[in-house]
Amino acid sequence: MAEIVSKQLKIGMEIHVELATRSKMFSRSGGAAYPSQYEAKPNTLCDPVVLALPGALPVLNLSAIEMSMQVGLALGCRISEFTKWDRKNYFYPDLPKGYQISQYDQPLCVGGTIDIPANEGGTRRIGITRAHLEEDTGKTGHELPGGHPYEGSLVDYNRAGTPLLEIVTEPDFDCAEDCVTFGRELRNICRFLGVTEGIMQKGHMRFEPNVNLEFTLDDGRQVATPIVEIKNLNSFKAVLNAIQHESVRQIEAWKEDGREMGPGMKITRGWDDQKNVTVLQREKEDAHDYRYLPDPDLLPVVIDDAWTSRIRETLPELPMSRRTRYQEELGLSAKDAAALTDERDLCFFFESCAQRAAEVVSNIDAAEAAVQVAKWLLNAGVRVAREREVEVQELGISADQLSGVIKLRSENALGSTAADQLFELLCGNDESAEALAESNGLLQVSDSGQLDEWIDAAVEAQPQAAEDFAGGKDAAMGRIMGHVMKSSGGQADAKMVRERLIERLRN
């Protein structure tokens, strides 16, 4: 058999996003992705439309359409002036009607691009083919309440009918790492827009990579393996591992069966998280197998320029733009800017703290205030949050309190160690930074008389160190400083102590 001399991985992504509307796509029943309905008991978010009872007719959800327009605009898509609804026919126990209402040939959002940081450096531009609206299916399970196994299948229709935005990319990826980066970026965009909370464990976002390989043989022949669609991945770890596994498996499969890309060769596989392998599910259906037909119960949606413009005006500043602004205008490092924009709630908390610090701390400008806030949140904040097993923005420290810590430090009223202690004390405490620092004895003492007493005692206790420092050995100051800080309980103004030691022992 001919040997492979070069190979290229090609990946396109399909991402399903459950929209956080109060009601479902075509009925008044509660939406499963709406926060207050996360813990609804099985089969309680149902009505005649969801269950496809005779005579029940669908009605469009305006919020779902406008949320989808927001996502499309954020991804640089063109919003279609005319879009319609189609029935996608197939049988599955969690699909009560026997068909899914979707959009086939006239989707809501068309075209678009998004730039992401590339795994090999720089950026990679990903093309967006389309984004169309449809309804989610129900969920089948094989466990009774309490986790007891069940031989049959149990169906929960709470998710059925929830608005689902399917985003389809061009096959512009050539590594699993960039697919994960894209997934994280898209999740963050959707969270900033407020269209979903993006909780992966609840199925708010599900990823379906379409993977194949193109390679050149030593006899010059070009080969492409059949495209494999990996279904319903609900974690970034699964996306990474599934694609990496498939990139190896497809070569081994080609060596065994010689199958190449062609009509009827698409395959659907699932992901086994326990065994870290993909498993065959079925030969992939083509569009005609679903017998798409226009839905006779739903009118098309006609979108004019005024409607699109109104939705465009609702878009917030998106993560990519914020990262650039944080670096160019505020002077944050690329690493810090990325960390602050990786989570919507942390980003908003950072901005509120930075704005307040710029108002409260008179001797620093807005950029320096932002840098100081970022340092506190990404260092002390992350450390304490890990210890308490919460998110940084959930620590219970307010923008006013953090600004107070920065103000005390800028005025040299607080040492670095004491500032760290104060930050931790403020988490979950309603007192002001200054009041809590004073009540806990954390404020620095700058009284010259008191400092001289501590210095006198330190010089007397460390005569050799005093002699060495006076003779030009700078390192000897550490022993004297240590004695002063121990005597003062950390309250001595370290800067003033250094100045007075130099003045006394060297001048």
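A short reminder: the numbers here are calculations on the coordinates, not readings from a lab. A quick note: this is a predicted structure, and the numbers were derived from the prediction, not measured. Ideal geometry is used to build each Cβ from the backbone, glycine not excepted, and the neighbour counts take in all protein chains shown.
Find which of GLN355, ALA338, CYS427 sits farthest along the positive direction of the dipole of region 319-439, computed with +1 on the beta-carbon of Lys and Arg, -1 on that of Asp and Glu, about the Cα centre. Value: ALA338.
Counting only Cα atoms, the size of region 319-439 along its three principal axes is 43, 35, 21 Å, in decreasing order. Dimensions of region 134-217 along the principal axes, based on C-alpha atoms and rounded to the nearest Å, stand at 50, 41, 23, largest first. Distance distribution P(r), region 213-257, all Cα-Cα pairs, bin width 5 angstrom from 0: 5, 18, 26, 21, 14, 8, 5, 2, 0 percent.
Evaluating 6.51 cos²θ - 1.76 cosθ + 1.60 at θ = phi - 60° for every residue in region 329-346, the Karplus couplings come out as 9, 9, x, 6, 6, 4, 5, 5, 4, 5, 4, 6, 9, 6, 10, 3, 5, 5 Hz, glycine and proline recorded as x.
Per residue, the average separation of C-alpha pairs within less than 8 Å and at least 6 apart gives the chain a relative contact order of 13 percent. A dipole drawn for the chain from +1 and -1 charges on Cβ atoms has a positive end, and of VAL71, LEU217, ALA369 the residue lying farthest that way is LEU217. Considering every Cα-Cα pair within region 255-349, what fraction, in whole percent, is farther apart than 15 Å? Value for region 255-349 (Cα pairs over 15 Å): 80 percent. Which cysteines in the chain lack any other cysteine whose Cβ sits under 4.7 Å from their own Cβ? CYS46, CYS175, CYS179, CYS190, CYS347, CYS353, CYS427, each lacking another Cys Cβ under 4.7 Å. Ranking HIS245, ASN276, SER235 by Cα position along the charge dipole of region 233-285, where only Lys, Arg, Asp and Glu carry charges on their C-beta atoms, puts SER235 farthest toward the positive end. Helical runs assigned H by DSSP (4 residues or longer) give the chain a calculated mean residue ellipticity at 222 nm of -11500 deg cm²/dmol, each run adding -39500 (n - 2.57) before division by the residue total.
For region 208-222, putting each phi into the Karplus relation 6.51 cos²θ - 1.76 cosθ + 1.60 with θ = phi - 60° gives couplings of 9, x, 10, 10, 8, 10, 10, 9, 10, 8, 5, 8, x, 6, 9 Hz, in residue order, rounded to whole numbers and with x for Gly and Pro.
When you filter the chymotrypsin sites (Phe, Trp or Tyr not before Pro) in region 80-155 for DSSP loop state and at most 15 other Cβ atoms inside 10 Å of their Cβ, you are left with TYR90, PHE91. Dipole check for region 57-212: with +1 at the C-beta of Lys and Arg, -1 at the C-beta of Asp and Glu, and the Cα centre as origin, the magnitude is about 340 Debye.
Note on region 157-282: Kirkwood hydrodynamic radius from all Cα pairs is 16.0 Å, rounded to one decimal.
For region 388-433, the Kirkwood radius over C-alpha pairs fed into Stokes-Einstein at 37 °C and 0.692 mPa s yields D = 305 µm² per second.
Between the C-alpha center of region 370-437 and that of region 285-336 there is a gap of 36 Å. Here the chain was treated as a single set of alpha-carbon atoms; its pair distances binned every 20 Å from 0 give 18, 40, 25, 13, 3 percent.
For region 1-58, the equivalent ellipsoid derived from the Cα gyration tensor has semi-axes of 43, 16, 11 Å, listed largest first.
The long axis of helix 319-328 is offset from the longest Cα principal axis of the chain by roughly 30 degrees. Sorted fewest first by neighbouring Cβ atoms within 10 angstrom, THR129, THR216 come out as THR216, THR129. On C-alpha positions alone, give me the angle between the axis of helix 399-410 and the longest principal axis of the chain, in degrees, nearest 10. In the chain, helix 399-410 runs at an angle near 40 degrees to the longest axis.
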